[in-house]
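Worksheet: the structure to be examined is printed underneath.
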Amino acid sequence: MCAFAYIATFLTLPVDNLLPWSLLLFGGWFANIVAIYALEWPHLDGLRLTREQFMRDMPGWVNWCEIALAIILGGHFLWMLRKAGPGVPAIVDGQYVVESRGRILRVITESDYLQLKCLMDRMFAVLFFSLYFILTMYWWSHKTRRVLR
């Protein structure tokens, strides 16, 4: 779904109503984290799951992919910051604007509004893609570990 949303934003199709989807995706991510924590509980020294414990059976390329995704996410954030400044695109009183905390920073055109919405949606798609990538790699390595035993 994240890949579809990402591709759709390049076709200037803003993924409207992103909040319900993001809440659903975040809920799934959180449920996975709880399941991983419960599974790793016997191996913990304290109450913390360290990165080394989390990544212990994953191949080395997973770390490089995670770094690449973080760089891509950072790039999208900087791109959004460059285009919109410290605000987000919104419609206020029928005008397309960039606003921050209820203050209108500047008035923009409809085309600019759609571009900024797509940039914002693209950034969230990359965020959820990177969050789910590491979970997928964990469950894949956990299944592989179980099969090899």
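Suppose the filter is charged (D, E, K, R) and either assigned to a helix (DSSP H, G or I) or farther than 22 Å from residue 137 by Cα (or both); does residue 106 pass it? If you could, list the steps in order and put the result at the bottom.
Values: charged (D, E, K, R): yes; either assigned to a helix (DSSP H, G or I) or farther than 22 Å from residue 137 by Cα (or both): yes.
Taking the combined requirement at face value, the residue satisfies it.
Condition (residue is of a type in the set (D, E, K, R) and under 19 Å from the mean Cα position of the chain (by Cα)) applied to region 23-44: is it met by at least one residue?
Our first condition is that a residue be of a type in the set (D, E, K, R); within region 23-44, this holds for 40.
From what's left, under 19 Å from the mean Cα position of the chain (by Cα): none.
Looking for residues that are of a type in the set (D, E, K, R) and under 19 Å from the mean Cα position of the chain (by Cα), one finds none in region 23-44, hence no.
All but one of (1) farther than 30 Å from residue 142 by Cβ; (2) modelled with pLDDT under 90; (3) more than 23 Å from the chain's Cα centre (by Cα) hold for residue 114, so report the exception by its number.
(3)
Which one of the conditions (1) within 24 Å of residue 35 (Cα to Cα); (2) of a type in the set (S, T, N, Q); (3) at pLDDT 85 or above does residue 109 fail to meet, given that it meets all the rest?
Condition (1) is where residue 109 drops out.
Quick check: is even one residue across region 4-13 at pLDDT 80 or above and either out of contact with any Pro (no Cβ under 8 Å at 6 or more places or on another chain) or surrounded by 11 or more Cβ atoms within 10 Å (Cβ to Cβ) (or both)? Break it down stepwise before answering.
Quick first cut of region 4-13, residues at pLDDT 80 or above only: none.
No, region 4-13 contains no residue that is at pLDDT 80 or above and either out of contact with any Pro (no Cβ under 8 Å at 6 or more places or on another chain) or surrounded by 11 or more Cβ atoms within 10 Å (Cβ to Cβ) (or both).
Against the definition (surrounded by 15 or more Cβ atoms within 10 Å (Cβ to Cβ) and within 17 Å of the chain's Cα centre (by Cα)), how does residue 125 come out, yes or no?
Details: surrounded by 15 or more Cβ atoms within 10 Å (Cβ to Cβ): yes; within 17 Å of the chain's Cα centre (by Cα): yes.
Considered against the rule, which asks whether it is surrounded by 15 or more Cβ atoms within 10 Å (Cβ to Cβ) and within 17 Å of the chain's Cα centre (by Cα), residue 125 comes out as yes.
Could you figure out which of (1) touching a residue at least 24 places away in the same chain (Cβ under 8 Å); (2) within 21 Å of residue 30 (Cα to Cα); (3) out of contact with any helix residue (DSSP H, G or I) (no Cβ under 6 Å at 6 or more places or on another chain) isn't true of residue 117?
Evaluating residue 117 over (1) touching a residue at least 24 places away in the same chain (Cβ under 8 Å); (2) within 21 Å of residue 30 (Cα to Cα); (3) out of contact with any helix residue (DSSP H, G or I) (no Cβ under 6 Å at 6 or more places or on another chain) leaves (2) as the failure.
The values are calculated or read from the model by the stated rules, or taken from the named source; none is laboratory data. The model shown is predicted, which means the values in this text are computed figures rather than measured ones. Because the Cβ atoms are built from the backbone with ideal geometry, glycine has one as well, and the counts that use them run over all protein chains shown.
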